[in-house]
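Report on the structure given below.
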Amino acid sequence: TIALIILVLMLASSAAYCAGNTDNHIANFASNSIIPFAVLGEASLLAFGGSRAKQEAMQGAKAMMATGATVQLLKHTVRERRPDSNSRDSFPSGHTALAFTTATLISDYHPKWEIPAYGAAALIGWSRVELREHRWRDVIAGALLGHFVARQFTKQHFAITPGGVEFQTSW
């Protein structure tokens with residue numbers, strides 16, 4: 001119930017922020033929902049994971065950290081200009097990458113939630129283009145990156161060990 005209360009508070013604050021911000025309230029709301037979506041995703045792994053809940057949540061946290069690090073590396077390497085400013089950190093979309101990481105984690109561990117999870121992630125990706133924060137190529141790259149990284153952790157191809165990152169080749 002604590003996770004639900006936190007989610008409701010985050011969504012309410014996001015909605016309040018969006019109310020006076022721009023003309024497209026739906027896009028603003030979706031774009032600002034990435035943090036609640038990621039928190040809800042991790043909370044669902046803990047709440048519904050059964051005996052494997054802790055392992056699923058840990059793999060999820062590792063996947064989100066790996067996605068975030070990869071996004072930042074690409075942003076600083078590619079230096080694509082954003083459509084709405086001269087800022088050179090457009091490619092790939094970090095919001096979309098984390099949304100698709102979360103959706104992949106949820107759907108791989110709890111397949112019955114696949115459609116709503118990917119639907120929410122797609123809505124977040126759409127909002128980034130609608131708000132002119134990104135181009136479609138940034139969003140598509142973020143979606144593919146988030147899905148790929150999360151899949152490596154849910155299928156346990158990557159393992160973070162005390163010695164570093166280990167790649168397991170047993171597919």
Checklist entry - In Å², what does the accessible area per residue of segment 38-88 work out to with a 1.4 Å probe? => result 58 Å²
Checklist outcome for this item: Per the rule of 0.36 nm per residue minus the C-alpha distance, extending Leu73 to Trp113 adds in nm 11.3 nm
Checklist outcome for this item: HN-Hα couplings for segment 128-139 via Karplus (6.51, -1.76, 1.60; θ = phi - 60°), in whole Hz with x for Gly/Pro, come out as 5, 6, 4, 7, 6, 7, 9, 9, 4, 5, 5, 5
Checklist outcome for this item: With N residues in segment 36-136, Rg(alpha-carbon) / (2.2 N^0.38 Å) equals 1.16
Checklist entry - How large is ³J(HN,Hα), in whole Hz, for each residue of segment 55-65 in order, when computed from phi with the Karplus curve 6.51 cos²θ - 1.76 cosθ + 1.60 and θ = phi - 60°, using x for Gly and Pro? => result 5, 4, 5, 5, 4, x, 5, 5, 4, 5, 5
Checklist outcome for this item: Heavy-atom accessible area of segment 85-125 with neighbours in place, 1.4 angstrom probe: carbon+sulfur share in percent works out to 65 percent
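The values are calculated or read from the model by the stated rules, or taken from the named source; none is laboratory data. Note that the structure is a prediction, hence the values are computed from the model and not measured. Ligands, DNA and RNA are stripped out before the accessible areas are found, and what is left, the full protein with its side chains, is counted by its heavy atoms. Shrake-Rupley method; radii C 1.70, N 1.55, O 1.52, S 1.80 Å.
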